[in-house]
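Comments concern the structure below.
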């Protein structure tokens, strides 16, 4: 048997040359710049940063351009680039209570200190195509109002005063890091949160939706959703003190979940948590719902066998780069594998035919 | 973090300001302020990542959120002062400029640099922050209760 293992080089080079040409598209149409993608497709950029697990808007925009807008391919490029970077250290945990909020809403409290701030949202739009955007034109400046720039307290602090909500006491355990050690079960909450924040948005959304439809329903309210910037601070060993090394945009979602109490916990509201790079609110809400569903064990709830309660199922299938890597590899040459399968099927057939022949003879 | 007796408070503030400045800004302000002094590298500019952490529930146990790109370098002026820079993004030129400012802020040129580099950066940063805060404030909901027609 002869199996060709070489000879694709020219075909591959030509395929990549054509890919580059197709990426550029019609040359009579102006080429997109990386800055245009960064500024005008910023939610795509945010998704690539969140799931690529690397905050760098310019790199994410470049990846989107290179990937022809295929966001999972772009995330793949970012993940690959990330592995080339030396790690300087880890930041102090970001203080989301100090966030400079662009948006901050609560579905549970109408009148809350700091107010309901809608921010640049798609909510309440009519979802009608705006043909004005098809024509080039200037955008009017957004209206302004005098602002109090003090920190905006978290909504859960109000419920905490009555002791009606589960507390999240401060703790300084060094968290596990799935980029350094392979993800293994059982996964503690810190590891689950790391896996979820970089998880595929579509997968996370669907898992969260399944809990709303009744598979491990946990009655989530969005206690608070906030989007804004926080400084990132890191201890610098050569200086001996911590400095701010940058500023990032984050979306944070805290759900407040009805909880009848369990063997170990009194009736109270429990919490689910989502925190994601960029303006990524669908993902952050989804993350909070899935986080809450995965907490059944520590809260002493029953495992009803729902997919969203199964940490192994959720965490091992949430990463779109692992998933697409395994899925797409099956289109690559498997000639030898298949050849052996073919031999096997032929052999089985011969055996079946031979035994059928014997049966026939015996019957005659 | 805002420790009033912190002897490093000043330096922390200027290093943080330069880390968050937009691309090219520290370089432009430094070069407009003075001609660069001679220096030697302690650590040439290097791009790497920092793992950003968050806390479960905003206040609980830390978890790894994802990395960010950071450029760092360290240098020493011929007069002996050491300057460090850790700035967001992949910006070797800006990291060099930030480390020079950090070193020069330890010399007699500090007042001049503060006026020509740090104060403008601080003003621009405050303006960017105010711009967003005011647009956000304009989207704040003013609830009012409809008076129901019962009497």
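The values are calculated or read from the model by the stated rules, or taken from the named source; none is laboratory data. A quick note: this is a predicted structure, and the numbers were derived from the prediction, not measured. Here the Cβ is made from the backbone with ideal geometry for all residues, glycine too, and neighbour counts use every protein chain on show.
Of note:
- Any chance residue B:16 is crowded, with 17+ Cβ neighbours inside 10 Å, free of Cβ contacts under 8 Å to residues at least 12 places away in the same chain and more than 18 Å from residue A:90 (Cβ to Cβ): no
- For residue B:28: the one exception among (1) more than 30 Å from residue A:167 (Cα to Cα); (2) in a strand (DSSP E or B): (2)
- The single condition from (1) touching a strand residue (DSSP E or B) at 6+ places or on another chain (Cβ under 6 Å); (2) assigned to a loop (DSSP other than H, G, I, E, B) that residue A:331 fails is (1).
- Subset of region B:35-64 [assigned to a strand (DSSP E or B), closer than 22 Å to residue A:284 by Cα and in contact with a helix residue (DSSP H, G or I) (Cβ under 6 Å, 6 or more places away or on another chain)]: B:63, B:64
- Out of A:190, A:142, one residue alone is facing another protein chain (nearest Cβ under 7 Å) and assigned to a loop (DSSP other than H, G, I, E, B). It is A:142.
- Residues in region A:150-168 that are in a loop (DSSP other than H, G, I, E, B), closer than 14 Å to residue B:59 by Cβ and in contact with a helix residue (DSSP H, G or I) (Cβ under 9 Å, 6 or more places away or on another chain): 6 in all.
- Region B:126-147, subset in a loop (DSSP other than H, G, I, E, B) and at the interface with another protein chain (Cβ under 9 Å from one of its Cβ atoms), residue modelled with the lowest pLDDT: B:143
- Test: residue in region B:65-74 that is more than 7 Å from chain A (Cβ to nearest Cβ), under 18 Å from the mean Cα position of the chain (by Cα) and either surrounded by fewer than 21 Cβ atoms within 10 Å (Cβ to Cβ) or part of a helix (DSSP H, G or I) (or both): no
- Failed item in (1) surrounded by fewer than 13 Cβ atoms within 10 Å (Cβ to Cβ); (2) not assigned by TED's automatic domain parsing to the domain that holds residue A:223, with residue A:163 passing the rest: (2)
- Screening residue A:89 against (1) closer than 18 Å to residue A:275 by Cβ; (2) outside any loop (DSSP other than H, G, I, E, B); (3) touching a residue at least 24 places away in the same chain (Cβ under 8 Å) leaves a single unmet condition, (1).
- Residues in region A:25-69 that are surrounded by 14 or more Cβ atoms within 10 Å (Cβ to Cβ), more than 14 Å from every other protein chain (Cβ to nearest Cβ) and without any contact (Cβ under 8 Å) to a residue 24 or more places away in the chain were compared, and the one that is farthest from residue B:87 (Cα to Cα) is A:67.
- Hey, residue A:102 surrounded by fewer than 10 Cβ atoms within 10 Å (Cβ to Cβ) and in the same structural domain as residue A:250 (by TED's automatic domain parsing) or not: no
- The condition of being over 28 Å from residue A:95 (Cα atoms), surrounded by fewer than 24 Cβ atoms within 10 Å (Cβ to Cβ), more than 20 Å from the chain's Cα centre (by Cα) and at pLDDT 95 or above does not hold for residue B:27.
- Looking across region A:111-139, just one residue is facing another protein chain (nearest Cβ under 9 Å) and not in a loop (DSSP other than H, G, I, E, B), and that is A:117.
- Matching option when the condition is surrounded by fewer than 12 Cβ atoms within 10 Å (Cβ to Cβ), in the same structural domain as residue A:312 (by TED's automatic domain parsing) and more than 18 Å from the chain's Cα centre (by Cα), among A:136, A:146, A:184, A:157: A:184
- Filter result for residue A:81 (in contact (Cβ under 8 Å) with a residue 24 or more places away in the chain and surrounded by fewer than 20 Cβ atoms within 10 Å (Cβ to Cβ)): yes
- Of the residues A:281, A:238, A:244, the single one that is touching a strand residue (DSSP E or B) at 6+ places or on another chain (Cβ under 9 Å), within 14 Å of chain B (Cβ to nearest Cβ) and modelled with pLDDT of 95 or more is A:244.
- Filtered residue count, region B:91-125, keeping only those that are within 13 Å of chain A (Cβ to nearest Cβ) and either modelled with pLDDT under 95 or not in a helix (DSSP H, G or I) (or both): 2
- Which numbered condition residue A:200 fails, given (1) farther than 24 Å from residue A:231 by Cα; (2) modelled with pLDDT under 85: (2)
- Any hit, region A:79-101, residues being more than 11 Å from every other protein chain (Cβ to nearest Cβ) and either under 17 Å from residue A:156 (Cα atoms) or in contact with a helix residue (DSSP H, G or I) (Cβ under 8 Å, 6 or more places away or on another chain) (or both): no
- Meets criteria (buried (at least 24 other Cβ atoms within 10 Å of the Cβ) and farther than 22 Å from residue A:51 by Cα) for residue A:274: no
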